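The values are calculated or read from the model by the stated rules, or taken from the named source; none is laboratory data. Small disclaimer: the values here were computed from a predicted structure and weren't measured. Ideal geometry is used to build each Cβ from the backbone, glycine not excepted, and the neighbour counts take in all protein chains shown.
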Amino acid sequence: MAKEPRYHLKYFNFRILGEPIRWQFALAGVPFNDERLPRDTWDTEGIKQKVGWGKLPVLQIDGDLEITQSCAISRYLAKEFGLLPESHLHQARADELVDNLQDIRAVYRPFVIEKDPAKKESLGKQMVEVHFSFYLPKLEEFVKKHGSNGFAVGQMLSWADLYLANFLQIWTDNHGKEILAKYPLLEAHLNKITSIPQIDEFNRKRPVTRF
């Protein structure tokens with residue numbers, strides 16, 4: 001009888017906060033239960049009150065230990081799987097990049113949750129013309145200043161690369177690859193990370209989701 005994986009990830013059928021964690025497992029070759037809870041019944045069936053701090057993702061380890069918050073989960077796994085930058089300064093830079101990506105996610109959220117097609121189109125246009133015009137040059141400059149060999153921080157693959165590539169992929173999927181046309185380092189980074197064989201294989205098999 002096959003042994004149950006010691007890791008159990010609970011999240012919605014979204015990429016936004018779950019995919020960097022799932023990619024870490026793929027890179028490490030470590031099996032995990034990828035439970036995708038239904039978002040539409042999350043608040044109505046009492047599930048929210050029983051899970052962690054009432055937010056997802058949650059990582060369960062060996063059945064009883066739980067870690068909440070996507071960045072805390074990712075940092076823990078980065079230490080376990082060798083995806084933490086080596087120097088303290090590069091670790092701080094990785095935190096800096098991911099924290100800024102989380103700030104951008106907050107700006108992006110109204111577009112994600114909007115149901116009205118006309119309003120969603122308007123929010124998408126605003127995202128491209130206003131917010132991406134502000135943030136993408138800063139991300140390009142960050143990679144230029146702090147990265148090397150195509151990575152975002154230092155000279156090795158880190159958990160921060162997975163966050164950056166995940167967000168870039170979601171943005172280009174929803175707003176077109178042309179949004180990166182003026183940002184060659186970001187474009188190259190996205191291609192580099194998503195071409196890693198373990199990540200490419202995972203992406204080919206994962207459920208198709210917009211966000």
Just for the stretch 43-86: of the residues that are of a type in the set (Gly, Ala, Ser) and at pLDDT 95 or above, which one is farthest from Gly18 (Cα to Cα)? Gly82
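Residue-wise test of (1) of a type in the set (A, V, I, L, M, F, W, C); (2) surrounded by 14 or more Cβ atoms within 10 Å (Cβ to Cβ); (3) more than 27 Å from Thr172 (Cβ to Cβ); (4) not assigned by TED's automatic domain parsing to the domain that holds Leu168.
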| residue | (1), (2), (3), (4) |
| --- | --- |
| Asn13 | no, yes, no, yes |
| Leu17 | yes, yes, no, yes |
| Ile21 | yes, yes, no, yes |
| Leu27 | yes, yes, no, yes |
| Asn33 | no, no, yes, yes |
| Asp43 | no, no, yes, yes |
| Val51 | yes, yes, yes, yes |
| Leu59 | yes, yes, yes, yes |
| Asp64 | no, no, yes, yes |
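Which residue out of Lys192, Lys182 is part of a loop (DSSP other than H, G, I, E, B) and touching a helix residue (DSSP H, G or I) at 6+ places or on another chain (Cβ under 9 Å)?
On inspection, the qualifying residue turns out to be Lys182.
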Which pairs have Cβ atoms under 6 Å, sit 6 or more apart or on different chains, and link a residue in the stretch 146-175 that is without any contact (Cβ under 8 Å) to a residue 60 or more places away in the chain to one that is of a type in the set (D, E, K, R) and surrounded by fewer than 22 Cβ atoms within 10 Å (Cβ to Cβ)? His146/Arg93; Gly150/Lys192
One residue from Val153, Val143, Val112, Val98 being closer than 25 Å to Asn191 by Cβ, in the same structural domain as Lys192 (by TED's automatic domain parsing), of a type in the set (Val, Ile, Thr) and surrounded by fewer than 19 Cβ atoms within 10 Å (Cβ to Cβ): Val112
Could you grab me the full set of residues in the stretch 44-65 that are assigned to a helix (DSSP H, G or I) and of a type in the set (Lys, Arg)? Lys48, Lys50
